[in-house]
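What follows is calculated from the coordinates using simple rules that are stated; it is not laboratory data. Keep in mind that this is a model prediction, so the values were computed, not measured. Heads up, the Cβs are rebuilt from the backbone with ideal geometry, glycines too, and the neighbour counts pull from every protein chain shown.
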Amino acid sequence: GQSLEQPSEVTAVEGAIVQINCTYQTSGFYGLSWYQQHDGGAPTFLSYNALDGLEETGRFSSFLSRSDSYGYLLLQELQMKDSASYFCAVKVNRDDKIIFGKGTRLHILP
Amino acid sequence: GAGVSQSPSNKVTEKGKDVELRCDPISGHTALYWYRQSLGQGLEFLIYFQGNSAPDKSGLPSDRFSAERTGGSVSTLTIQRTQQEDSAVYLCASSLETYYGYTFGSGTRLTVV
């Protein structure tokens, strides 16, 4: 079976740093992605890690440890517009089939 | 086109009726995926098409669901004899041959009454 675990909700303060964790158990593993979804909107792609380590893109960073079946998304200098749901997603085969977690709702306080 | 286009954006149908949802992927994207998302939930994989390979239908919840992709471009998801539990947002996505993220359409919100 396929299992991705991430917290259902996280709350942080504007300007602070927040980390959203994801652990996975999947039939195959080719990489870990993160997607952002605002209320009523479509998911948008944030990052993809195929190899271990940290990838940085502006205020967002994503980390992967394949030996621990674990990754996280790090958001720095939080802004109110970052309030959204964040999904981790595993690429499980060569044909780019992606299995998504249930998402983490990020609440940002002023 | 510039993005993934889905139609209709909203669909209300009576229980037992058939519905067709359409997805027009980004030109040049070889892969096309269908997911559905119930209110406040994650994305549930339904089916994907990759190039000329046979589609992976492993996520379709019942034989009432089917999908086709014509000419390697437009895709139609058909739900026969709709049930209330089919109510959800149906999302389509496409990607290049080498994965670096999907591009999602805005979805079709299906309500079965």
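Measuring between alpha carbons in the structure, the pairs from A:97/B:17; B:15/B:57; A:81/B:11 lying more than 26 angstrom apart are A:97/B:17; A:81/B:11.
The antiparallel fraction among DSSP beta bridges confined to the protein assembly as shown stands at about 90%. The charge dipole of the protein assembly as shown, taken about the Cα centre with unit charges on the Cβ atoms of Lys, Arg (+1) and Asp, Glu (-1), comes to about 480 debye, rounded to the nearest 20. Length gained on full extension, residue B:41 to residue B:9: 9.6 nm, using 0.36 nm per residue less the C-alpha separation. Once each of the GluC sites (Glu not before Pro) sitting in a DSSP loop with at most 15 other beta-carbon atoms within 10 Å is removed, chain A keeps A:15-76 as its longest stretch.
Among B:28, B:101, B:51, the residue with the largest mean-square fluctuation in a Gaussian network model of chain B, with springs joining Cα atoms closer than 10 Å, is B:101. Coupling constants for segment B:11-19 follow from the phi torsions by the Karplus curve (6.51 cos²θ - 1.76 cosθ + 1.60, θ = phi - 60°), and in residue order they are 9, 10, 9, 7, 3, x, 7, 8, 10 Hz; glycine and proline get x. Given a Förster distance of 41 angstrom, what is the FRET efficiency for residue B:62 paired with residue A:77, based on the Cβ-Cβ distance and rounded to 0.05? Calculated value: 0.35. With neighbour counts taken as other beta-carbon atoms within 10 Å, the residues B:48, A:30, B:100 rank, fewest first, as B:100, A:30, B:48.
Projecting label points 7 angstrom from Cα along Cα→Cβ for residue A:38 and residue B:84 puts them 3.4 nm apart. Shown here are the Rg and Dmax of the Cα trace of chain A, at 13.3, 43 Å. Spin-label model, residue B:70/residue B:97: points 7 Å from Cα along the beta carbon direction are separated by 2.6 nm. Short to long, the 5 Å bins of the Cα pair-distance histogram for segment B:53-113 hold 4, 13, 22, 27, 19, 10, 4, 1, 0 percent of all pairs. With the simple spin-label model, which puts each label point 7 Å out from Cα in the Cβ direction, the residue A:3 to residue A:55 separation comes to 2.6 nm.
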